[in-house]
Amino acid sequence: MTTATGTYPLVTLNEFIIQRQGDFPYAKGELSRLLHHVGVAAKVVNEKINKAGLVDILGAAGDVNVQGEDVQKLDLFANHHFIAALRATSECCAIASEEDQEITLFDDGLSRDAKYVFCMDPLDGSSNIDVNVSVGTIFSIYRRISERGSPADLSDFLQPGTHQVAAGYIIYGSSTMLVYTTGKGVNGFTLDPSIGEFCLSHRDIRTPRQGRIYSINEGNYAHFPAGVKQYMKHCQVVDPDTRRPYSSRYIGSLVSDFHRNLLKGGIFMYPPTQKAPGGKLRLLYECNPVAFIAEQAGGRASDGHRRILDIPPESLHQRVPFYVGSPDMMEDLEGFLAQEGDPSPA
Ligand code: P6P
């Protein structure tokens with residue numbers, strides 16, 4: 001049988017999770033169940049996002065739709081459904097979300113004793129939905145460090161990115177994909193709407209060492225550190241031997257910009273700017289999960305001076321400068337940042 005994704009034997013997300021459970025001899029299936037429910041929530045959110053353009057029919061956020069339901073902003077809708085799906089697993093004891101100032105505790109019986117905590121940006125780039133630009137969900141999973149059976153606390157979330165047990169994103173684009181890692185490589189699954197399953201479409205993703213794409217919001221150029229400005233000029237030099245000038249590609253949706261560069265090779269940069277002197281992107285649920293995936297695919301991620309995964313978080317919604325992509329391009333950038341004795345935060 002042939003479906004939209006290909007012919008049998010299709011490997012669905014659930015089949016893959018079960019197959020790879022062997023990677024963790026001591027695993028009892030808790031992480032597998034968590035990942036399965038992430039896939040379920042992703043399908044629910046995907047269905048809603050695909051209809052987002054039908055505001056006239058569905059109503060805009062704040063309206064009451066024809067069923068008499070309050071129409072939620074899609075990022076609140078996504079937040080609600082991912083929290084509900086994770087609560088249902090009883091495998092997670094708390095969630096940190098970009099949408100909520102404080103952590104959400106799951107303190108009912110089984111969940112209170114669960115060994116994982118979950119960080120997420122439920123719908124990153126949601127301002128792009130109105131103009132039909134792809135958006136994404138980004139997530140990161142840690143083992144709790146607080147005592148099981150007691151309520152989770154901030155210490156469970158303020159762990160360095162190296163402690164992540166899994167990380168991933170869903171990109172709601174021309175097709176909907178779920179890309180994740182558990183530290184044994186990166187695999188991508190494309191949602192096949194004809195069977196309602198995420199099917200393995202990108203096995204063991206490896207990012208090219210060198211790419212020809214640089215992604216940055218050039219509108220902030222005046223406030224970039226000198227080393228970033230030098231690197232941008234480096235990208236724009238005409239030098240056929242090094243296949244420069246590179247191409248500038250910037251969607252303004254982290255998951256979309258990162259996913260394209262991951263597959264094709266490239267570098268994404270969000271330096272300090274006048275509006276965001278400490279960087280704009282969030283360490284816990286944007287930079288750490290993306291950095292984990294990048295490194296697992298052979299790429300690198302830093303704040304310009306430190307490996308992202310090594311940064312000890314100080315607060316739940318902490319922002320950092322973020323540079324991520326092909327290792328050779330990251331090395332070139334960091335050379336310029338070092339040359340300039342760049343003053344951006346160490
Ligand atoms: P700017 C979207 O709002 C987001 O958080 C990321 O998805 C994206 O990479 C970045 O902000 C874009 O920021 O300032 O260039 O619009």
> Filtering region 119-167 down to residues that are within 16 Å of the ligand (Cβ to nearest atom), in contact with a Leu (Cβ under 9 Å, 6 or more places away or on another chain) and among the hydroxyl-bearing types (Ser, Thr, Tyr), which residue is farthest from Val38 (Cα to Cα)?
Replying inline: Ser126
>> Filter region 298-319 down to the residues that are on the phi > 0 side of the Ramachandran plot and either surrounded by fewer than 19 Cβ atoms within 10 Å (Cβ to Cβ) or assigned to a helix (DSSP H, G or I) (or both) and list them by number.
In response: Gly298
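Every residue, every condition in (1) over 23 Å from Leu281 (Cα atoms); (2) modelled with pLDDT under 95, yes or no:
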| residue | (1), (2) |
| --- | --- |
| Ser90 | yes, yes |
| Ser97 | no, no |
| Asp108 | yes, yes |
| Arg112 | yes, yes |
| Met120 | no, no |
| Asn132 | no, yes |
| Gly136 | no, no |
| Thr162 | no, no |
> So which residues in region 234-255 are closer than 19 Å to Asp332 by Cβ and either in a loop (DSSP other than H, G, I, E, B) or within 16 Å of the ligand (Cβ to nearest atom) (or both)?
Replying inline: Val237, Val238, Arg243, Pro245, Tyr246, Ser248, Arg249, Tyr250
>> Return the residues of region 256-297 that are within 11 Å of the ligand (Cβ to nearest atom) and among the polar types (S, T, N, Q); say none if nothing qualifies.
In response: Ser256, Thr273
> Which of the residues spanning region 191-210 are touching a strand residue (DSSP E or B) at 6+ places or on another chain (Cβ under 7 Å) and not hydroxyl-bearing (Ser, Thr, Tyr)?
Replying inline: Leu191, Asp192, Ile195, Glu197, Phe198, Cys199, Leu200, His202, Arg203, Asp204, Ile205
>> Restricting to region 1-25, count the residues that are modelled with pLDDT of 65 or more and in a loop (DSSP other than H, G, I, E, B).
In response: 5
>> Filter region 179-227 down to the residues that are touching a Lys or Arg at 6+ places or on another chain (Cβ under 9 Å), at pLDDT 95 or above and of a type in the set (Gly, Ala, Ser) and list them by number.
In response: Gly185, Gly188, Gly211, Ser215
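The values are calculated or read from the model by the stated rules, or taken from the named source; none is laboratory data. Keep in mind the model is a prediction, meaning the values are calculated, not measured. Glycine gets a Cβ as well: all are built from the backbone with ideal geometry, and neighbour counts include every protein chain shown.
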